[in-house]
1. Residue by residue, what Karplus-based ³J(HN,Hα) values in Hz, rounded to whole numbers, does region 87-101 have, using 6.51, -1.76 and 1.60 with θ = phi - 60° and x for Gly and Pro?
2. Just report the Cα centroid separation between region 88-116 and region 17-85, whole Å.
3. Do you know the Lys pair count in region 4-248 for C-alpha distances under 27 Å, with sequence separation 8 or more or different chains?
4. Let me know the shape class of region 120-224, please: from the alpha-carbon gyration tensor, a ≥ b ≥ c as square roots of the eigenvalues, rounded when a/c is under 1.5, otherwise prolate if a/b is greater than b/c, or oblate.
5. Using the 2.2 N^0.38 Å rule of thumb for compact globular proteins, work out how the chain stacks up: its C-alpha Rg over that value, please.
6. Rounded to the nearest 500 deg cm²/dmol, what is the calculated helix-only ellipticity per residue at 222 nm for the chain, with -39500 (n - 2.57) per DSSP H run of length n ≥ 4?
7. If you plug each phi of region 205-220 into the Karplus form 6.51 cos²θ - 1.76 cosθ + 1.60 with θ = phi - 60°, what whole-Hz ³J(HN,Hα) values come out, in order, with x for Gly and Pro?
8. So how do Arg147, Arg68 line up by other beta-carbon neighbours within 10 Å, fewest first?
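Please treat every number below as a calculation from the coordinates, not as lab data. Keep in mind it's a predicted model, so treat the numbers as computed, not measured. Every residue, glycine as well, gets a Cβ built from its backbone with ideal geometry; the counts of neighbours run over all protein chains shown.
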Amino acid sequence: MAEPLIELKGVTRAFDDRVILDSIDLTIYRGDALAIIGPSGTGKSTTLRVISGLDRPDAGEIYIQGQRREGLVEDSKDPLGITMVFQNSALFDSLTVDENVGFSLYQHSKIPRRKIRALVEQKLELVGLPGIRDLYPSALSGGMRKRVSFARAIMENPENPSSNPEVILYDEPTAGLDPIASTVIEDLICNLHCEGGCSTYAIVTHQHSTIRRTAKRVVFIYHGKIQWEGTIDQIDTTDHPMVRQFFSGQIEGPIQVAG
């Protein structure tokens, strides 16, 4: 049995009077390639933010490698590194690619600048973007910006190996990309899973190709609850009406179509 790395137990999160997550239980195991899917506005991205420690649940418990997390990520140190790739890439427009990818090291380490630049170049090569470290984000395509954000997410600190990322959380990594650029990103996710040192990830996505090409396990969230979970192969054999409607794109079914 694979080791549970992250466990959500009875997690609830509401904004104003709207319940986004309704007492969900979710486990991410070592080596997982997990897709979190479902209609828009049903709590998928909130789940990632809770897992990453960027958002605090209103109720429930979060365990990271068996250790209960108290508060947000800055309130206590998790026993393993969790990093997140945001939907909009979240690069600093006023900084170069080098300064973006190496941001945490430039700000929070005593590593010489020359060594950080070498580490940045290694990560850029890993995501297929060698030689662009002196460019600014405005000079990059959408797909290139996504890959730069991947390089930043997997940046390691040789002075503090315990903080290096072991789990990557992807929030809609192929949103807004054309099919070819999406394929590049999907291949990169799979390659990082196998070769990049971050062997565990969870991905929120609506795109069917991304789900099928990057995931091994799937959970379906609707109305703040996990309605179904299974393997990627079971998507085509399950008779669960929500899963069937989601992948067929039919308007009629248990999933209510927003306005």
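1. 4, 9, 6, 6, 7, 7, 5, 7, 10, 6, 4, 4, 5, 5, 5
2. What the calculation gives is 26 Å, centre to centre.
3. Counting lysine pairs in region 4-248 gives 18.
4. Numbers: a/c = 2.01, a/b = 1.24, b/c = 1.62.
Note, shape of region 120-224 comes out oblate.
5. Details: Rg = 18.6 Å, N = 259, 2.2 N^0.38 = 18.2 Å.
My calculation over the Cα atoms of the chain gives 1.02.
6. Mean residue ellipticity at 222 nm (helix-derived): -9000 deg cm²/dmol.
7. Couplings: 7, 9, 6, 4, 5, 5, 4, 6, 8, 10, 9, 10, 10, 9, 10, 10 Hz.
8. Neighbour counts put them in this order, fewest first: Arg68, Arg147.
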